[in-house]
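Undergrad: One structure is given below, represented as structure tokens, and several questions about it will come after.
Every number in this text was worked out from the coordinates using simple rules, so none of it is lab data. From a predicted model like this one, the values you see are computed outputs, not experimental measurements. Cβ atoms come from the backbone with ideal geometry, glycine included; neighbour counts cover every protein chain shown.
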């Protein structure tokens, strides 16, 4: 999913943000092409309609778990509206598996949390978002239980 941006000085150009993936950071696309590297590490160079080059940098939100903000030429731009506190609470429920299941529970809970945040960034109706993310949370707990049971049975076999 890409998020379109309207930036001052880039009228007529298509500027989009590609959110970070599992192994890749966020990307900025100008007219479908990745933005060029800036003069320093972590900076992007963008060319405005008037030919002037501006620097853009990413500003992480919520410990890097949400879509980052973009600072362009000193001005901070929200890519998406921040999620409400109760949505973060709802999405974060699977992380409670950490306290029950240790490392395995943490992995299962974090994967469910990441999927839940993607669901709430989708275009689904609000009720469907809560229902689908609740189902993902339950599936995350079920995946933990099945995996933990299989590991226990494998390790508990007499040698």
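Undergrad: Assuming 0.36 nm per residue, please report the length gained on full extension of the stretch residue 31 to residue 75 beyond their Cα-Cα distance. Write out the running numbers ahead of the final one.
TA: Working: separation 44, 0.36 × 44 = 15.84 nm, distance 2.10 nm.
That pair, residue 31 and residue 75, stretches by 13.7 nm at full extension.
Undergrad: Further question: Any chance you could get the radius of gyration and Dmax over the Cα atoms of region 85-156, in Å?
TA: Both quantities, over Cα of region 85-156: 13.2, 46 Å.
Undergrad: Could you tell me how many degrees, from 0 to 90 and to the nearest 10, lie between the Cα long axis of helix 126-156 and the main elongation axis, the longest principal axis, of the Cα atoms of the chain?
TA: Between helix and principal axis, roughly 50 degrees.
Undergrad: Now for a different question. Over the Cα atoms of the chain, how large are the radius of gyration and the largest Cα-Cα distance (Dmax), in Å?
TA: Values for the chain (Cα only, Rg and Dmax): 20.2, 75 Å.
Undergrad: If one takes the longest principal axis of the Cα atoms in the chain, at what angle in degrees, from 0 to 90 and to the nearest 10, does the Cα axis of helix 97-120 lie?
TA: In the chain, helix 97-120 runs at an angle near 40 degrees to the longest axis.
Undergrad: May I pose another question? Between 135, 127, 145, which gets the highest mean-square fluctuation from a Gaussian network model of the chain, Cα cutoff 10 Å?
TA: Its mean-square fluctuation being the largest, the pick is 127.
Undergrad: On average, how much area does the Cα convex hull of region 3-77 cover when viewed from any direction, in nm²?
TA: Details: hull surface 20.3 nm².
For the Cα atoms of region 3-77, the hull's average projected area reads 5.1 nm².
Undergrad: If neighbour count is taken as other Cβ atoms inside 10 Å, put 73, 66, 50 in order from fewest to most. Please list the in-between numbers first.
TA: Numbers: 73 15, 66 18, 50 6.
Fewest-to-most ranking of 73, 66, 50: 50, 73, 66.
Undergrad: Which one of 99, 113, 130 has the biggest mean-square fluctuation once the chain is modelled by GNM with Cα springs under 10 Å?
TA: Most flexible of the set in this elastic network: 99.
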